[in-house]
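Notes to accompany the following structure.
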Amino acid sequence: MSPDPDGSFGVLFVCTGNICRSPTAEALARRELERHPGVPIQVSSAGSHALEGNPAASRSMLAAATRGASLERHFARELTRRRVRAADLILCMAAEHRPFVLSYDRAAAGRTFLLATFARVAGQWGWLATSPAGLVALAAEHAREQDGDDIDDPLGQSPDAYAACAERLDGLVTPVIAALVKALPVGSTGPPW
């Protein structure tokens, strides 16, 4: 893991094509980070089988927009060794994505989780964390996947499936970003207003 040159904490969301789930999670995270100007947290997304440059699925764009998040400027990014190594926290949409992450960097195992699993740990243990990296370490120690932690791919399904996916992602991403921001050392969250 190579820390970001500007010292920020990097979160990488991973799905399959990087046109539905992970870009929606990234866009929701950006929306949440706008509430905390200046925090040193960077978010991005990639797909295990992404076709570099593809736009987000139109139904994902609509579902994200109804939740105040924009995918207008999103273009698919392929999961790469560099992206895996640069991330301090890797949040997969489903268990099937983890082997692809680890194929690029086995050392990423301690910082790679299912989004739903990490959100649960952040809710239970986040109050103990004194840094985002500390929250990741707590998750590595306490994370236990449960049935239903995978987030289903809405690709090719009805608009309702995309809306349900975006709603579920919102309910997981929002507390994760809140926990990471809360874990930042005092004084690193930008202006006090």
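No value in this document is a laboratory result; all are computed from the given coordinates. These numbers were taken from a predicted model, which means no experiment stands behind them. Neighbour counts run over all protein chains shown; Cβ positions are idealised from the backbone, glycine included.
A few notes on this one:
- The stretch 64-193 - charge dipole about Cα centre, Lys and Arg +1 at Cβ, Asp and Glu -1, debye rounded to 20: 640
- Estimated [θ] at 222 nm from DSSP helical runs (n ≥ 4, -39500 (n - 2.57)) normalised by residues in the chain, nearest 500: -13000 deg cm²/dmol
- A cut-off of 5 Å between modelled amide H atoms, ignoring neighbours fewer than 5 places along the same chain, links Cys92 with Val14, Phe113, Leu114, Leu115.
- Fluctuation leader among Ala140, Ala29, Ala119 - the chain, Gaussian network, Cα springs under 10 angstrom: Ala140
- Of all beta bridges that DSSP places with both ends in the chain, some 5 percent have antiparallel geometry.
- Relative contact order, percent, the stretch 52-115 [alpha-carbon distance under 8 Å, six or more residues apart]: 29
- Between the stretch 103-168 and the stretch 68-84, the alpha-carbon center distance in angstrom: 17
- Whole-number percent relative contact order across the chain, with pairs defined as alpha carbons under 8 Å at least 6 apart: 27
- Each eigenvalue of the Cα gyration tensor of the stretch 45-102, multiplied by 5 and square-rooted, gives one semi-axis; in descending order these are 23, 13, 11 Å.
- A cut-off of 5 Å between modelled amide H atoms, ignoring neighbours fewer than 5 places along the same chain, links Gln42 with Phe9, Gly10, Val11.
- Among (1) 149; (2) 125; (3) 111, the entry derived from the coordinates for volume of the Cα convex hull per residue in Å³: (3)
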